[in-house]
Structure formats: C-alpha cells, structure tokens
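Undergrad: Sending over a structure as structure tokens; questions will come in a sec.
Taken together, the values in this text are just the output of simple stated rules run on the coordinates, not laboratory data. If you're wondering where the values come from, they're calculated on a predicted model, not measured in any experiment. Backbone-built Cβ (ideal geometry, glycine too); neighbour counts: all protein chains shown.
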Amino acid sequence: MTRTIKPLVAGNWKMNGVKADLAIAAEVAKGHDAALRRAVDLAICPPATLLFTLTASLIGSRIATGGQDCSAHDSGAYTGEVSAPMLVDAGASYAIVGHSERRTLHGESNAQVKAKAEAALAAGLTPIVCVGETKDEREAGKALAIVRKQLRGSVPDGATASLVIAYEPVWAIGTGLTPTAADVAEMHEAIRAELGRILGKATAASVRLLYGGSVKPSNAVELMNVANVDGALVGGASLKAEDFLSIARACA
Ligand code: 13P
C-alpha cells in the first residue's frame, strides 16, 4: 500500500450478471460499513445492461460504479458501442479501458486504449487503464519492458492524479496463478517510475496502482501489503459479495 493513497477495490463483473444479481451489489453495500468506507473506496463495474439499475440501487451506499470499456467516440454510427458520456448518463464514475480481454479478443492497440481513456476523461470519468504481460513475455524476461511500453502508449494525455492503473498479468487472470509479492513489488515500482516520466513525479505519486489477476480472500492480504499496490481489480471473486468484501477488508 501507499500510505498517502486511499485504496480502491473495483469489481469487474465481465460478461456476468442479470437483474437477479443486483442482490450481490446489495449485499456488498450492506457490508460496506462506516469503518470500511473510511478505509477503502469500492466500485462495481457490471455489464452495460445493468449499469443504470445497479447504480440507482447503490444510491446512498457510497459504492461507485463503472463501465468495463467505452468507445473513443461520443456518439454516432458505431453499432454495439457504448460511449463515455452514456456511461456518465447511466451513473458511472469509472471506465475500465484496455483490459487484456479487450486487447486480445478485440485486438485493441495502445493507441486505441489511449483514445478511449481520453474519451473517458473528457466525459468526467476516471479511467482505469489496464496493462500486463503475457506468460511468454514474462518467461522471456520482457514483462517490465512490455508494461512500460503499454503505459507510454495508453496513458491518456491530460491525465491527473485521479487516474487509475491496473496491473493485470494476462497469465494470472482467471487462472488461480499470481505473481510473487516480489514480482508485484518490482512491477508496481516500475509502473510508478514510468508514470513519473509521463505525468511528472508529483502526479504519479498519487495515482492509484491496482493489482488484478486471481485476487481472492486467501491471497489479498499478502498482495495488498506490497509497496505501491493501492487496491485491486477483482474479476471472479467480485461476483461473491462476501469474497469481495473480504478483499476490501484486506486493504483496510
Ligand atoms: P480474476 O480476478 O477472475 O482473475 O480476473 C481479473 C480481472 O481480469 C479483473 O479485471
């Protein structure tokens, strides 16, 4: 953790969740008591179909919501896309951009991720920019270089200290595998340093750096105690209210 930064634990529901699953968010809200609220910010990023209803259901809970992606364009002939102003209209505060599933399955480049992050910023959203190396890249000793390159290519112009970066090693997502605490520490330090070169040291010092990839209640305390880890981006475990809360408590 970074002493001066309030941690953020964000749940990425991915393509999971229908109306009945609003109950998960309600349970999280119930457990988000005053002590936890003081210690950690929470956000849930549901599928776009649930965003408006879920945000409305969380009014008064101080749990924020976010989109899982956004278009680089505000409106127009882009069938199937959801724009940043639309996410704002639905009540979102955050937009995840550049998740590895988007980069891999939809071929999103650093330049596209950057354009999306800039659209999110312009709409008043906080972008959560995801970076991370593949297994082959780590084994080839290229993890740091790859992530630095992703940062240089996808951090939006005009970013402020409110920016959020999520380091998600591709090989750790949904696999139950996690890097060692030492590897996470090395990467997060390198990310902070690279952000210093991009945004200036003072701004970079306040950016929240989340770790994501198989975060569970059983490993959260160890991962969240690593220097420069300011919270988590949680996939599978965010679909279980008790697990998500337990990860949040690990930050508190
Ligand atoms: P898991 O927590 O399911 O590994 O997913 C991580 C992730 O991709 C969050 O964005």
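Undergrad: Check Thr160 against each of (1) away from the ligand (no atom under 16 Å from the Cβ); (2) exposed (fewer than 14 other Cβ atoms within 10 Å of the Cβ); (3) more than 18 Å from the chain's Cα centre (by Cα) and name the one condition it does not meet.
TA: All conditions are met except number (3).
Undergrad: Would the range 33-53 turn up any residue that is at positive phi, of a type in the set (D, E, K, R) and in a loop (DSSP other than H, G, I, E, B)?
TA: No, the conditions are met nowhere in the range 33-53.
Undergrad: While we're here: Give the range 203-225 a look and list any residue that's surrounded by fewer than 19 Cβ atoms within 10 Å (Cβ to Cβ) and not in a helix (DSSP H, G or I), or say none. I'd like the intermediate steps shown before the answer.
TA: First, the residues of the range 203-225 that are surrounded by fewer than 19 Cβ atoms within 10 Å (Cβ to Cβ): 203, 205-206, 216-219, 221-222, 225.
Across the range 203-225, the qualifying residues are Ala205, Ser206, Lys216, Asn225.
Undergrad: Let me ask you something else. (1) touching a residue at least 60 places away in the same chain (Cβ under 8 Å); (2) near the ligand (Cβ under 9 Å from one of its atoms): which one isn't true of Lys216, the others all being true?
TA: Condition (1) is where Lys216 drops out.
Undergrad: Quickly run through the range 82-105 and pick out the residues that are surrounded by fewer than 21 Cβ atoms within 10 Å (Cβ to Cβ), more than 16 Å from the ligand (Cβ to nearest atom) and part of a helix (DSSP H, G or I).
TA: Listed by number, the residues that qualify are Pro85, Met86, Val88, Asp89.
Undergrad: While we're looking at this one, here's another question. So which residues in the range 1-59 are of a type in the set (Phe, Trp, Tyr) and within 16 Å of the ligand (Cβ to nearest atom), if there are any at all?
TA: Within the range 1-59, the subset of a type in the set (Phe, Trp, Tyr) is 13, 52.
Listed by number, the list holds a single entry, Trp13.
Undergrad: Can you give me the number of residues within the range 7-32 that are in contact (Cβ under 8 Å) with a residue 40 or more places away in the chain, part of a loop (DSSP other than H, G, I, E, B) and closer than 30 Å to Ala181 by Cα?
TA: Number satisfying all stated conditions: 5.
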